[in-house]
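Below is one structure, written out as structure tokens; the observations come after it.
Read-outs: derived from the displayed coordinates by stated rules, not from any lab. On a predicted model such as this, the values are computed, not experimentally measured, just so you know. Please note: Cβ atoms are built from the backbone with ideal geometry, for glycine as well, and neighbour counts cover all protein chains shown.
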Amino acid sequence: MDVFAPMGGVVKVDAAAMDMDLVNTVATLMQTRQTILPKRLMPPGPDPTQMRLILEAAASAPDHGQLLPWRFVVVPDAARDALARVFGEALSERDPLATAEQVSQAREKAYRSPFLMLVVVDAMRGDPEIDLHERIVSAGCAVQNVLLMATAWGYGSALTSGKALKSTVLRTLFSLDAGEHALCFLSIGSVQSRKKTPLRPVHDDFVSVLLG
Ligand SMILES: Cc1cc2nc3c(=O)[nH]c(=O)nc-3n(C[C@H](O)[C@H](O)[C@H](O)COP(=O)(O)O)c2cc1C
């Protein structure tokens with residue numbers, strides 16, 4: 001079997017010596033993950049032991065300089081009212097003409113998924129030579145690890161963003177430092193219903209070879 005060598009090129013490997021079950025399991029896991037939006041997630045969410053294991057998966061993300069440039073802020077049930085208030089205020093601030101129904105819809109998003117957390121990236125922590133792009137890549141890898149681990153445990157998950165992430169009210173609620181950015185929310189829960197898996201790009205859609 002041909003595989004890409006870490007130092008470049010292709011090497012022959014003994015397929016029998018490889019753990020093909022592991023290869024297939026990982027491939028299946030990655031292909032199985034799909035966004036299950038918070039409105040399609042329901043209780044129960046992961047129990048505390050599962051949740052810890054799911055979140056610890058983030059620690060294996062590549063992290064140039066070991067800066068730990070990202071962090072997660074869990075939003076427990078007790079804090080959902082505060083988040084709802086912020087979602088409502090963020091909408092009213094950016095659109096003073098928003099109707100009471102629109103504000104109510106914005107507020108309702110705070111209550112949707114059994115487990116909810118904010119993903120934060122820090123542009124300034126540690127070595128300033130490591131710029132924001134690298135830090136966001138590290139955060140993305142950490143997030144993907146979490147999504148895959150949640151999938152492995154049989155839960156649905158989703159990332160959601162939105163204009164409220166940049167609002168002062170949200171930054172204040174989550175006590176974000178000046179160099180921190182709210183990247184997205186991450187939701188996890190049991191799958192109520194799922195849509196068809198989206199059409200995935202194929203190898204040639206995103207791989208090209210540099211012409212020497
Ligand atoms: C940072 C980030 C934020 C996202 N925010 C939203 C969102 O606000 N609403 C939404 O429907 N999907 C959101 N998504 C999910 C994408 O729409 C989704 O990943 C894409 O449609 C591919 O579907 P899949 O995850 O099932 O492969 C977000 C994805 C990322 C990476």
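Rounded to 0.05, the FRET efficiency of the LYS163 and ARG71 pair, given R0 = 25 Å and the Cβ-Cβ distance, is 0.70.
Please rank VAL209, VAL74, fewest neighbouring Cβ atoms within 10 Å first, as an exposure proxy.
Sorted ascending by nearby Cβ count, the order is VAL209, VAL74.
By the count of neighbouring beta-carbon atoms within 10 Å, fewest first, LYS163, LYS109 end up ordered LYS163, LYS109.
Please say if the stretch 114-212 is rounded, prolate or oblate, where rounded means a/c under 1.5 for a ≥ b ≥ c the square roots of the C-alpha gyration tensor eigenvalues, and otherwise the choice is prolate for a/b larger than b/c and oblate otherwise? Taking the square roots of the gyration eigenvalues as a ≥ b ≥ c, the stretch 114-212 is oblate.
Does the stretch 35-193 come out rounded, prolate or oblate by the C-alpha gyration tensor, with a ≥ b ≥ c the root eigenvalues, rounded set by a/c under 1.5 and, if not, prolate when a/b is larger than b/c and oblate if not? Oblate.
Lysine pair count for the chain with Cα-Cα distance under 20 Å and sequence separation of 8 or more or different chains is 7.
Can you work out the PRE-style zone for SER60? Point 7 Å along Cα to Cβ, and I want the residues of the stretch 120-164 with backbone N under 13 Å. The answer is 142-153. Between LYS39 and LEU97, the contour length at 0.36 nm per residue exceeds the alpha carbon distance by 18.3 nm. When each of PHE206, PHE115 is scored by the number of other beta-carbon atoms lying within 10 Å, the sequence from fewest to most is PHE206, PHE115. Separation of the stretch 146-212 from the stretch 51-71 is 15 Å, based on Cα centroids.
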